[in-house]
């Protein structure tokens, strides 16, 4: 059986969906799974042995240039020549549903009441019901497994094998320590209100006294990373690295501490200990495990209307983070 997964973005959402792959292949090793994704996120999927083909698109380009629609449509129609038996839209957006429609006749996706853009469901031939405010990982697992007659349980997800893979990245090796524990800070996210204060990251670094590496993804985050490094003798800003190197440095670290954002979720996908910090976003975006923990503010989050002006993440105590990190590090 040949299937295509449509999960275009963003990084964290792609990672949360990828956990299903190992169980899909366990149930049917002959299954061929292709994945349609925005080209910027191709490296997140690379190396996963359960994916046959990673098929990039650039649908985001259509926002800036309407003429980009036609070459992207041509590209999707080219992918349709693979003659898929089933396409699963794990995104639940109008653009992903339209993409799925051009790929195959048999299409599965979320039901109308299970997604924000409910009209997308009319383009599916199979519909999967799950509450919109249910755990994000559970939602992804169900929409990807139910159309195949599978049931991926929470216990299975908690006992997952790592599913992110990377090639050797020599540029990060000089930053890793053999004498101290390697701690990764993920300090950025898509909204400012999701960012834990840089001053408090400095306090965490100074209290843990280990080898702290601060990752960044744009110039604003770079300035923040360098500020943290300047104010703590234990912290260093990583250089500009690609997604393969980011997976590598997280995979070789002892713990990651970061905001609710894609690179932080990489730790979960790599089975690396982590602490994810939540303010204006729902904690049930993730799974808490013996090694993957969360700390959140006291905010009551509305899944249907997130408050970008909620800066309550600043309330989380440094001491709580440090104590939890020490427990995870075995100190």
Checklist entry - Restricting the search to segment 307-331, which residues are surrounded by fewer than 17 Cβ atoms within 10 Å (Cβ to Cβ) and assigned to a loop (DSSP other than H, G, I, E, B)? => result 307, 308, 309, 317, 330, 331
Checklist entry - If we keep just the residues of segment 162-179 that are over 16 Å from the mean Cα position of the chain (by Cα) and within 22 Å of residue 15 (Cβ to Cβ), which is surrounded by the most Cβ atoms within 10 Å (Cβ to Cβ)? => result 172
Checklist entry - If a residue has to be closer than 14 Å to residue 17 by Cα and either surrounded by fewer than 22 Cβ atoms within 10 Å (Cβ to Cβ) or in contact with a strand residue (DSSP E or B) (Cβ under 9 Å, 6 or more places away or on another chain) (or both) to count, how many in segment 138-152 make the cut? => result 7
Checklist outcome for this item: Among residues of segment 3-19 being in a loop (DSSP other than H, G, I, E, B) and touching a strand residue (DSSP E or B) at 6+ places or on another chain (Cβ under 9 Å), the residue surrounded by the most Cβ atoms within 10 Å (Cβ to Cβ) is 7
Checklist entry - For segment 33-149, which helices (runs of 4 or more DSSP H) that fit wholly inside it have 3 or more residues that are within 24 Å of the chain's Cα centre (by Cα)? => result 42-45, 61-64, 94-103, 136-145
Item to check | strands (runs of 3 or more DSSP E) contained in segment 176-293 and holding at least 1 residues in contact with a strand residue (DSSP E or B) (Cβ under 6 Å, 6 or more places away or on another chain), over 19 Å from residue 325 (Cα atoms) and in the same structural domain as residue 308 (by TED's automatic domain parsing) | outcome: 235-237
Checklist entry - Would you pick out the residues in segment 286-306 that are in contact (Cβ under 8 Å) with a residue 40 or more places away in the chain and surrounded by fewer than 19 Cβ atoms within 10 Å (Cβ to Cβ)? => result 287, 289, 303, 304
Checklist entry - Just checking, which of 84, 122 is surrounded by 17 or more Cβ atoms within 10 Å (Cβ to Cβ) and more than 25 Å from residue 262 (Cα to Cα)? => result 84
Item to check | Answer from 40, 44 - the residue that is surrounded by fewer than 17 Cβ atoms within 10 Å (Cβ to Cβ) and touching a strand residue (DSSP E or B) at 6+ places or on another chain (Cβ under 9 Å) | outcome: 40
Checklist outcome for this item: For segment 60-72, the count of residues that are surrounded by 15 or more Cβ atoms within 10 Å (Cβ to Cβ) and out of contact with any strand residue (DSSP E or B) (no Cβ under 7 Å at 6 or more places or on another chain) equals 3
Item to check | Pairs where the first residue, in segment 216-232, is surrounded by fewer than 15 Cβ atoms within 10 Å (Cβ to Cβ) and the second is not in a loop (DSSP other than H, G, I, E, B), C-beta under 6 Å, 6+ apart | outcome: none
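The values are calculated or read from the model by the stated rules, or taken from the named source; none is laboratory data. These numbers come from a predicted model, not from an experiment. Counting neighbours? That spans all protein chains shown, and the Cβs are built from the backbone with ideal geometry, glycine included.
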